[in-house]
Amino acid sequence: MLQREWSLQLARKTAGRFGGYPGLFWAAVAMSLPLFHYALASYNLELVPERRSSYALAGLWLIGLTCLRACMGCAVSMAEEIQHHSVQLVRQLPKSGGVLGLLATKAAVTAAPLLLEWLLFMGLTVGLAMLGVPVMDWDPLRFLAVGLCSMVFFCSLGLWIGARLGEPERASNNARVAVAMTLVGWALLENVLNGPILLIGALIWVALVFRSSPRVASAFQGGVVSAVLVLLLPQAYLLGNLRLAQLSPLAAANHPNLTRDDCILYCVGAVLILILNLRQLRKH
């Protein structure tokens, strides 16, 4: 199973299709920032007040890349399985582990290069600390914890998106939207709308985009769910001061008081989405 999935992802990258892993280039650019800053500082050329700020930027950049690649890679991979009607066949392969084995394999192969990037990031942290850059003040383990937990969540979310849509291009686009909204979209929209309204809008979007089949039942489902959610708008105040921007991995890494709760929420969310996905795939 692992060999099969690895060959499929390599073929996707070679063909330049959606969801192909773009390599270590952008991660290398992110991790080169603190090294570049240190080199300039050694010549008394300070572009920013503290070298630690470039290290934090590298960590946040790497978290964003991890979320995007995990979600898009898993979404496209799972969508291709649905599109080619190969889920049943894969489930019957010897030692495949069934649907759970299929999902775990796709998540593991997608996460492998991301884990390598985080290993390099921790090596960079040790190197900068040995050079005397006070990176430990930023608590590197916080970046690592948020990066790994958000990777687990977005792998699970990507697999669910791919299973629901079944079209690689649509799955890739919707995975990109989901990541962008989680990372920065909520924070921008909360400047004009409150959290409960945004949450209801997100639920309406999910109901319309990830609809069931056939098309008549799909339209009916979308209409009913949308009407129910609109009727719930007057009750939005019951959700209190909900701030969706605080659920962003970038916020969790930047604010220590959010890190632990958000990481737990990512893991719990990943498990719930996995259960939902297992139930869906067993119908195929």
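The values are calculated or read from the model by the stated rules, or taken from the named source; none is laboratory data. Predicted, not measured: the structure shown is a model, and the values here were computed from it. As a convention, Cβ positions derive from the backbone with ideal geometry for all residues, glycine included, and neighbour counts pool all protein chains shown.
Things to note:
- Selection status of Val192, within 24 Å of Ile275 (Cβ to Cβ), modelled with pLDDT of 70 or more and of a type in the set (A, V, I, L, M, F, W, C): no
- The set of residues in segment 128-158 being touching a residue at least 40 places away in the same chain (Cβ under 8 Å) and over 24 Å from Val177 (Cα atoms) consists of Leu128, Leu131, Val133, Pro134, Val135, Asp137, Trp138, Asp139, Pro140, Arg142.
- Residue in segment 19-33 that is small (Gly, Ala, Ser), at pLDDT below 90, loosely packed, with under 13 Cβ neighbours inside 10 Å and not in a helix (DSSP H, G or I) present: yes
- Of all the criteria given as (1) surrounded by 15 or more Cβ atoms within 10 Å (Cβ to Cβ); (2) at pLDDT below 90, the one not satisfied by Ile63 is (2).
- Residues within segment 246-284 that are among the basic types (Lys, Arg), within 20 Å of Val99 (Cα to Cα) and either assigned to a helix (DSSP H, G or I) or in contact (Cβ under 8 Å) with a residue 60 or more places away in the chain (or both), tallied: 2
- Where Val152 falls short, out of the listed (1) within 13 Å of the chain's Cα centre (by Cα); (2) farther than 26 Å from Thr125 by Cα: (2)
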